[in-house]
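The values are calculated or read from the model by the stated rules, or taken from the named source; none is laboratory data. Because the structure is a prediction, the values reported are computed rather than measured. Virtual Cβ from ideal backbone geometry, glycine too; neighbours counted across all protein chains shown. SASA here: full protein model, heavy atoms, side chains in, ligands and nucleic acids out. Shrake-Rupley method; radii C 1.70, N 1.55, O 1.52, S 1.80 Å.
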Amino acid sequence: MTQTTDTPMVELRGVKKRFGDLEVLKGIDLRVDRGRIISIIGPSGSGKSTLLRSINNLEVIDEGQILLDGVQVNRPDLKGLAFERHINHIRQNMGMVFQHFNLFPHMSTLDNVTLAPRKLKGMETKDARALGMELLERVGLADKAEAYPSSLSGGQKQRVAIARALAMRPKVMLFDEATSALDPELVEEVNQVMKGLAEEHMTMLIVTHEMAFARDVSDWAMFMDGGVVVEADTPERLFSNPEQERTRHFLRKHLGSQSSTSA
Amino acid sequence: MEFDFTPVIDYFPTLLKGVGVTLLIGLAVALLSILGGQLVAVISLYTRKAVNWPLRFFIWLFMTTPLLLQLYFLYFGLGELILIPAIVVGILGLGFHYMAYNADIFMATIRSVSHGQYEASRSLGFGHLRTLRYVILPQAFYRALPQLSNNMIIMVKDISVLSAIGIGELVYVSQYAISITFRPFEFYITIAVIYYLINLMMEAGQSWIERRAAYRR
């Protein structure tokens, strides 16, 4: 398949996902052009995390299509090892950052970052080390290269996790509530790293509870509720002048509580 | 009764040889039972019941029967069909016995590694097997270390049971020396002290390994 600059980086067509009887994604369509930053907001259980996890097949969708740079991610036609090979290859082009960091505790920070390029791309140890140090530098943690995750703060762990995801030179970064598990004073250091990526025009999908951050960093914001996209717009319009009552209600609750804590 | 340790000193080279045999068997059994235990645990956890039930039966068999019986069966029972050298029977018998116990430990510690670790590895592009190899099993191993090393300390003492099939380990060679010198008391005291020293060394090794492993869990 040929990819042109017009090919969206991520595209979802009629994506549906059920957990048992509960339909958590009820036909989602989404187009993310390269270099764009999309924030997905919504109440707990709205399906926003499931949507993000579906994009790299951590959740297997029941219907619809997901495409990364024109290549179909979900492939119901492939079974067993054939699908395993396909999805492993696809995932190397997507960086995923989790709420609970999920750093590998038995490896140093540097090894966490360099594991995938060494083992999956066959990169020489020396080159991987240089790459790892460059990425740790970028997230401000070069001095922690030899440290183990257990000695890092939550914010530091998440910054290492971002560096780890970047090490495979992904085409898109997926952030699943990257700052939700952090103490408030540690959120900013992670947000700064994400803003840095935004300035470099990394394509990003960000599931977040941080309304101010979403408004600040993204080009497009989506409000999800009950497994559907209720409203999607530029962050300026969505946050200041939402059209839907459900969006207004959600934002009143969240912006209200956030402004009261920051006041 | 007068103590006379002169015969012990005379036979000390023989005892040392017994110590050497005990330690070599210990090393072989440790390797076999730890590597094998890990393999058995992985197969039990990640394959279909139809595939892994013979393995589970095998574990159950080794955990529910006495070690001495297992050794007699392997050496004298199977010996009717095929002659296997005693040392091989000893290492295999003890190895399988502890493999069963170690597999149990590994199954628990593999399960204890959080699913998030698995997802993080898969999201980087690692397949199931490489995720096991680089992410899950190393963590399960570090978590298993305290119980594994306890098992290995018990195992070294169980090597004495191999004297029953004529393997020249520490207890066997001392029996031999006693049968010539008629000085059981002195010899038993001496080998008790030797076992104590071996234990002391293993415990030191255990805490060294655990100190190194603590921050990796």
Convex hull over the Cα atoms of the protein assembly as shown, averaged projected area in nm²?
31.8 nm²
Rolling a 1.4 angstrom probe over the protein chains, ignoring ligands and nucleic acids, what is the accessible area of B:Arg143 in square angstrom, nearest 10?
70 Å²
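As a test of reading the structure, rank B:Asp4, A:Asp176, A:Asp6 by solvent-accessible area (1.4 Å probe, protein chains only), most first.
A:Asp6, B:Asp4, A:Asp176
With a 1.4 Å probe and all protein chains in place, put A:Val228, B:Val89 in order of accessible area, largest first.
Values: A:Val228 45, B:Val89 5 Å².
Sorted descending by solvent-accessible area, the residues read A:Val228, B:Val89.
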For chain A, averaging the sequence separation of alpha carbon pairs under 8 Å that lie six or more residues apart and dividing by its residue count, the contact order in percent is 25 percent
GNM flexibility winner over chain B from B:Leu94, B:Leu16, B:Leu81 (Cα, springs under 10 Å):
B:Leu81
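For chain A, build the convex hull from the C-alpha positions and give me its volume per residue in Å³.
On the way: hull volume 37.5 nm³, N = 263.
So the per-residue hull volume is 143 Å³.
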Can you give me the angle between helix B:137-158 and the longest principal axis of chain B, using Cα atoms only, in degrees from 0 to 90, rounded to the nearest 10?
20 degrees
Just the number, please: Stokes-Einstein D of the stretch B:7-216 in µm²/s, Kirkwood Rh from C-alpha pairs, 25 °C, 0.890 mPa s.
129 µm²/s
Binned Cα-Cα distance frequencies in the stretch B:17-112 - 5 Å width, integer %:
3, 14, 20, 21, 19, 13, 7, 3, 1, 0
To the nearest 10 Å², what's A:Ser49's accessible area with a 1.4 Å probe?
30 Å²
Is the stretch A:76-230 best put as rounded, prolate or oblate by its Cα gyration tensor, with a ≥ b ≥ c the root eigenvalues, rounded for a/c under 1.5, and otherwise prolate when a/b is larger than b/c, oblate when not?
oblate
Under Karplus coefficients 6.51, -1.76 and 1.60, residue-wise ³J(HN,Hα) of the stretch B:76-93 in Hz, glycine/proline x:
8, x, 5, x, 5, 8, 9, 8, 10, x, 3, 5, 5, 4, x, 5, 5, x
Just list whichever of A:Lys144/A:Lys195; B:Lys49/B:Lys157; A:Lys119/B:Lys157; A:Lys26/A:Lys157; A:Lys48/A:Lys79 have alpha carbons separated by over 30 Å in the model shown.
B:Lys49/B:Lys157; A:Lys119/B:Lys157; A:Lys26/A:Lys157
With θ set to phi - 60°, apply the Karplus curve 6.51 cos²θ - 1.76 cosθ + 1.60 along the stretch B:58-72 and write out the HN-Hα couplings as whole Hz, x wherever there is a Gly or Pro.
4, 4, 4, 4, 6, 8, 10, 10, x, 4, 4, 5, 4, 5, 4
Does the stretch B:161-205 come out rounded, prolate or oblate by the C-alpha gyration tensor, with a ≥ b ≥ c the root eigenvalues, rounded set by a/c under 1.5 and, if not, prolate when a/b is larger than b/c and oblate if not?
oblate
Whole-percent carbon and sulfur share, accessible surface of the stretch A:1-80, 1.4 Å:
47 percent
Averaging sequence separations of C-alpha pairs under 8 Å and six or more residues apart, then dividing by the length of chain B, give the relative contact order as a whole percent.
31 percent
Give the residue from B:Ile189, B:Val171, B:Ala204 lying farthest towards the positive end of the charge dipole for the stretch B:143-213; charges sit on Cβ (+1 for Lys and Arg, -1 for Asp and Glu) and the dipole is referred to the Cα centre.
B:Ala204
What accessible surface, in Å², does a 1.4 Å probe find on A:Lys144, ignoring ligands, DNA and RNA and rounding to the nearest 10?
60 Å²
Sequence of A:Arg164, A:Arg31 when ordered by accessible area, the most exposed leading, probe 1.4 angstrom:
A:Arg31, A:Arg164
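For the stretch A:129-263, report the accessible area per residue in Å² (1.4 Å probe, heavy atoms, rounded to an integer).
Working: 5930 Å² over 135 residues.
Counting only protein heavy atoms, the per-residue value for the stretch A:129-263 is 44 Å².
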Give the aspartates and glutamates whose C-alpha is closer than 19 Å to that of A:Lys17, dropping any in the same chain fewer than 8 places away, or say none.
A:Asp29, A:Glu59, A:Asp62, A:Glu63, A:Asp77, A:Asp176, A:Asp225, B:Glu119
